[in-house]
Every structure is written in structure tokens, then in C-alpha cells.
Amino acid sequence: MVGTIKNNNIFGVFDDEDVFLSAMRSMEETGIRIKNVFTPYPIPEVFRIMGLKTRMPYAAFIYATIGVILTYAFLYWTSVIDYPVIIGGKPTNTLSFVIILFVMTINIGIVMSLVTFFIIQKLGPGKSARIVHKGITDDKYVIVIEKTKEMSKEDSQRINYTLFEYGAIEVGEKEHVENI
Amino acid sequence: MYNTKVRGVLVEGNKSYADITRDIIEPIESKVPDWWKYAFIISIGALLFGVWASYITISEGIGTWGLNNSVAWGWGIINFVWWIGIGHAGTAFSIFLLIVRQKWRTSINRAAEAMTVFAVLCAGLFPLIHMGRIWMAFYIMPYPNTRGPIWVNFNSPLFWDVVAISTYLMASAVFWYVGMIPDFATIRDKTASKIRKAIYGFLSFGWVGSARGWLRFEALAMILGGLTAPLVISVHSIVAMDFATSVMPGWHTTVFPPYFVIGAIFSGFSMVLTLMIIIRTVYKYQSYVTDSHINAIAKILVFISLIMGTAYSTEIFIAWYSGSEYEYYTFFNNRISGDYTIAFYGMIICNAIIPQLFWFKKIRKNIILVFIISLFVNLGMWFERYVIVVTSLSKDYLPSNWSTYTPTVVEIGVYVGTLGLFICGVLLFLKFIPMIAIHEVKGILKPTSNGRYHKK
């Protein structure tokens, strides 16, 4: 399910971090599935409540390993196979490769991690942002709940009511909200 | 994910989240002040001087510099090392303090990273110009060529420099830009101007601040930080090895790599101090860059200054203790006494003695004095590179080779040009980019201040 699929959502806007967090906790407890939340800055508690984890550090480790292997293969091919030059009687497959290996591992690790981030987060130059509420990059916190087909009118009204009850200052509906 | 407890107030003045947004994007939204225009014109003038000097260097050759057979490296290399040193500021601040989870970096890191990017750009110009035939610069890249193909020398510190510095520039720029994406989104959503909305919208890459986005964003910051931190050490170690792997007296020492790395962080921190004092005064950001921030940087500087003093003493001690008469001559007859005493004592006084004043709380609290001392450190670090490059080269093993060195107007022009480029870059940064990381300051507001956080 990606952001481009047509979907309809209910959102609640909060203006206080503590109220917002306790609302999230209560909603999780009552079994209302939170689709996404939007905050102006990272809140570690949000990740805990939603049970979010990322495998990016593992990916970065794999990228760095790929980096070191590729770089060594290149150095070995150029300096030992393709055009070996004996400098001061030293071996062509030399320990001083370690410096370039070190730097290129970092180089390749950074570039691939960055590309991975942009791909999984679906970010890119000029992408138009689908903003649920104008304040999410300023001082508002937004909880989004998807209105599924199975949901009856009463269900969505109950969600609206619950959001207000938990301290939302504004509740509304919005189509096409990303879940990434 | 990366939550740690902090002590003390980092954001003063009872700021709400909305206040932070408004305060930081205010310079972008309002017209440029007069001082900005004058400073910009002056920096463009300096830059044009540098363009002229570079044109003369490239069209006529390195003969227009004051170099000679003995002193084959002059201002070009001095300034290259100086700029690279300053370029260590952003990384030292953002990355080291990020991986050790120091919250006070948040108001300073953006400006420090900007400094890094501009300083490394300035540094990179010198080796390119120094090549003489700049249109042959691509020869330093390992690419399949028609000369064998013969490859570049992968065992040479000069090639390591190419790899390390270009990687460092890329890594710093990436780290800087990624950190700005959420702030560009803030400007996109706040600005009233349609043009700004379009530009910052484009630059913000469609950022919306979702929970998963923030989680991955923080993970990416840690990955970039973790990968770039060892790079900082390696970049300046490699610069040191440009010198240390030669057999020149005064250069051929094992202390050089750590000594250069510490020196670089020293000059970087002092440049951060210089710029942050200007920024907080001119833009009235005392609530974000508080006295305790300045105090913390001053404390770090006094510590690094002690290490610098130790490094200088170690060099002098080893020159005597090793029994090498060439080393002894270089240190005792060509630095402590001889033709270059001004640079040597300038270096000792500015780097090892003056920063010791930061032991006194009264001095750390006096912003004007702190500013002046930070300028002394910048100057002292320039002297240090001058001492290293020029004294060793001017009097080597063979007295018939001895010669003195004075820079020409062309060399000075190239240096002034890079200063112009740097200041020009910083001014554009102050105008068009939020100079304090908005989302990071918001992230630390709650645990580090006792005010209201929300506009009611």
C-alpha cells in the first residue's frame, strides 16, 4: 500500500507533545490502528509506541563491505594484474592499499546509504509534498487513521469523537495520505 | 531511538516551537540588511582579486609565485592545509558530538557544517592551481588511459589526498544537505512568497515529517556520522603524511598525523567560535547560541591548546634527544632562532599560550575577549603551517641549496580570493539557508528548557 493508492483518512491535530503522545498510547490500547503520524521533529517515544524499527544500519554495514571488496578488487587488478610497477623493490600487492580501502569503504557506504534512504522514503528533488496539516513542520502533531471500506459511518464518527476526547484541537478528513 | 538525558538550559528565553520557526527563518523572509550588502561587495572584490591571481598563475605558470628550487611549496600548500584544518570544524562539531550524543551541538552544527563545505572547497583549489597545468588535472584520477594503461601511484600520500579530500567534501556536503531537508520543508510550509515556496519545495524533496521518515532520517544521520568520523581522522592524517613520508628535517616525524588532526580540530573550533559569535550578535540569536555554548567551546579550546603545546614541546625535545644534527639545526637554528622567528613565536604565543586565558571563567564570559582569542588561534594556526612548510624547505641538508622565500602578489591574491570565496559562501548561507537546525533545536527544547513549548 503506497501513498499513490486512493485512500481516505481521518486526522487529528494536536498542539502539545504530551497530549499527543498520551493520545497515541490510548489509541493503540483501544485497538484503533494508527496509519501514520506527522511531527515537526523526531520523537523517540513515537517510534516506541508504533513499534517502528529500521534495518538501515545493517544495510550500511553490507554497503561498506561491498565497498571494501570492490575497492580491493580494483586496486589488485590495476597494480598487480594490469600494469605492475615495482617501486623500490616493494611488493605490488601492498599494505599501503589500506588507506584507499579505508576511504573508499566510507565513500561507497555513504553514497549507497543515502540512495537507500531516498528510495525507501520515496523522497527526491522536486517531489510535491502531500501535507495533511500546515503545522506539521512548525508546531503541530498529527495522527492519521485510515478510513477503510469495512468502516461504518458510526465507526468513523467514533474515531472523530475519540480524537477530540484525547485532546485534538482539530479533526478532519484527507485523501491520499502516505503511509511511509 | 537516540534519546539521552541532558542537563542545563540550551534554549533560553521561553521559546515556543512556533517562536523557533519564526526566529530562524526570519532572515530568509526579510530583506538583506545593509551590512550584508557591503560585506558581499567586499567579498566579491576579494574573490575577483583571486580570480585575477589564478588567471595569472594558470596562464603564465607557477613562476609568478615566489617559489624556488628549495622552497617548492609556499603559500599554496600553507593555505591548503589551513583551509582543510578549518574544514574540520563542521565534522568535529556535528559528527563527533552527534555520535557521543551531545545535545548542545544542535544550535551550532548547521553553521559549522556550512563552514566545512566552503573551507574544503577553498582548500581544494590550491592543489589544482599548484599543478600548473590545471587542464591536466584529470590525470590524478585512476581511469583507463592510452598510456599503457599506466595507473596512478596508489601508494602515494598525494593520491591518498585526492581520494580522501574529495570523499570528505562529498560526505560533508551530503551530511549538510540531508540535515537541511526538514528545515527546507518548514520554510516551504511557512513562507508567504510563491517563489520561495517553489524553490524550497523543490529543495525539500517532498519531506512531510512522518514517523517512519524521522526514524530513517535519524538512522541515516548516525550512519553518515559514524562513517564520516573516522574519515576526519584519516583526511588530516593523510595531509600530514604528505609531509611526514618525505625525508625533510622537521617533517620526517611520526608525531605528524595526530599533531595535524588535533591542530585541524583546534583551528576548526576556533573558526566556529569566530563565526558563531558574529552570527549570535548580528542576528540576535543569544537564546539559541547561549553563553554556555560559548563557554563549552572555550573549554574545549583550552584543552586542545594544551595538546598543541605538548606537540610543539615534543618536536623540540625529540630534535635534541634524537641526536640528529639536521633536526637540531632546523628546530634550534631555523625556528627558535634564525630567519623565521616571528612565525615560530607567533605560532607558540597564539596557539599554546593565549588560549590558556580560557582557564579563567571571567574571560570565557567576556564575549569580546573570546572573539579576539579565537582570531588569534586562527592566525596562530596559519603561522604553524608557515613554520612547517617554509623553515624545513628553506634550509635543507645542502647549504648551497639554501634560499629564502617571500610570497608574491599573485600568491597573496590567490589566498585573498579564497577568503573572498569563503565569506561570500557564508553570506549566501546566512541569507538563504536556516543557519540553525530548526528541527534539531525543537527536538531538544522540551528536555532542556523550562518554558512553555506551545503557543496557546
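The values are calculated or read from the model by the stated rules, or taken from the named source; none is laboratory data. What you see is a predicted model; the values in this text were computed from it and never measured. We place every Cβ from the backbone using ideal geometry, glycine too, and count neighbours over all the protein chains shown. Please note that ligands, DNA and RNA were not included when accessible areas were found on the heavy atoms of the full protein model with its side chains. Shrake-Rupley method; radii C 1.70, N 1.55, O 1.52, S 1.80 Å.
Points worth noting:
- Convex hull volume of the protein assembly as shown per residue (C-alpha atoms, cubic angstrom): 175 Å³
- Cα pair count fraction exceeding 34 Å, expressed as % - chain B: 36 percent
- Whole-Hz ³J(HN,Hα) from phi, Karplus 6.51 cos²θ - 1.76 cosθ + 1.60, for the stretch A:86-91, glycine and proline x: 7, 10, x, x, 7, x
- Euclidean distance between Cα centres, the stretch B:345-388 to the stretch A:10-81, Å: 43 Å
- Of the residues B:Lys103, B:Lys365, ranked by 1.4 Å probe accessible area with the largest first, the sequence reads B:Lys365, B:Lys103.
- Ratio of Rg to Rh over the stretch B:121-163 (Cα coordinates, Kirkwood Rh, two decimals): 0.99
- Dividing the mean sequence gap of close Cα pairs (under 8 Å, 6+ apart) by how many residues chain A holds gives a relative contact order of 56 percent.
- Three-way shape label, chain A, alpha-carbon gyration tensor, a/c 1.5: prolate
- The alpha-carbon atoms of the stretch B:200-255 define a convex hull whose volume equals 108 cubic angstrom per residue.
- Solvent-accessible area of B:Trp35, all protein chains in place: 90 Å² (probe radius 1.4 Å, heavy atoms, ligands and nucleic acids excluded).
- Alpha-carbon Debye profile of the stretch A:1-89, log10 I(q)/I(0) at 0.23 Å⁻¹: -1.18
- Share of carbon and sulfur in the accessible heavy-atom surface of the protein assembly as shown [1.4 Å probe, %]: 66 percent
- Size of the stretch A:56-120 from its Cα atoms: along the principal axes, largest to smallest, the extents are 49, 18, 13 Å.
- Relative to the current alpha-carbon distance between B:Thr146 and B:Tyr328, full extension at 0.36 nm per residue lengthens the span by 60.8 nm.
- Between the beta carbons of A:Val19 and B:Leu306, assuming R0 = 51 Å, the FRET efficiency works out to 0.55 to the nearest 0.05.
- Contact order, relative form, for the stretch A:56-120: 52 percent (alpha carbon pairs under 8 Å, 6 or more residues apart, mean separation divided by residue count).
- In summary, the convex hull built on the alpha carbon positions of the stretch B:301-456 has an orientation-averaged projected area of 14.7 nm².
- Cα gyration tensor shape of the stretch B:37-123, rounded if a/c is under 1.5, else prolate or oblate by comparing a/b with b/c: oblate
- Buried accessible surface for the A/B pair, both sides summed and rounded to the nearest 100, is 5700 Å² with a 1.4 Å probe.
- Relative to the longest principal axis of the Cα atoms of chain A, the long axis of helix A:153-165 makes an angle of roughly 80 degrees.
- For chain B, the longest principal axis of the Cα atoms and the long axis of helix B:211-244 meet at an angle of about 10 degrees.
- Accessible surface, per residue, of the protein assembly as shown when the full set of protein chains is kept, probe 1.4 Å, Å²: 43 Å²
- Mean-position separation - Cα centroids, the stretch B:151-178 and the stretch B:222-282, in angstrom: 14 Å
- Computed over the stretch A:78-180, the ratio Rg/Rh where both radii use C-alpha atoms and Rh is Kirkwood: 1.40
- A probe of 1.4 angstrom, applied to the heavy atoms of all protein chains, finds B:Asp19 with accessible area near 20 square angstrom.
- Under the criterion of Cα pairs below 8 Å and six or more residues apart, the relative contact order for chain B equals 36 percent.
- B:Asp242 accessible area, 1.4 Å probe, all protein chains in place, Å² to nearest 10: 20 Å²
- Kirkwood radius, the stretch B:14-73, all distinct C-alpha pairs, inverse of mean reciprocal distance: 15.8 Å.
- Over the stretch B:150-200: Rg over Rh, Cα atoms, Kirkwood Rh: 1.38
- Note on exposure: B:Thr191, A:Thr148 ranked by accessible area (1.4 Å probe, complete protein assembly) read A:Thr148, B:Thr191, with the most exposed listed first.
- The listed residues A:Lys127, A:Lys153, once ranked by accessible area (1.4 Å probe) with the largest placed first, stand as A:Lys153, A:Lys127.
- The overall shape of the stretch A:99-146 is prolate: from the C-alpha gyration tensor, with semi-axes ordered a ≥ b ≥ c, the ratio a/c is 1.5 or greater and a/b exceeds b/c.
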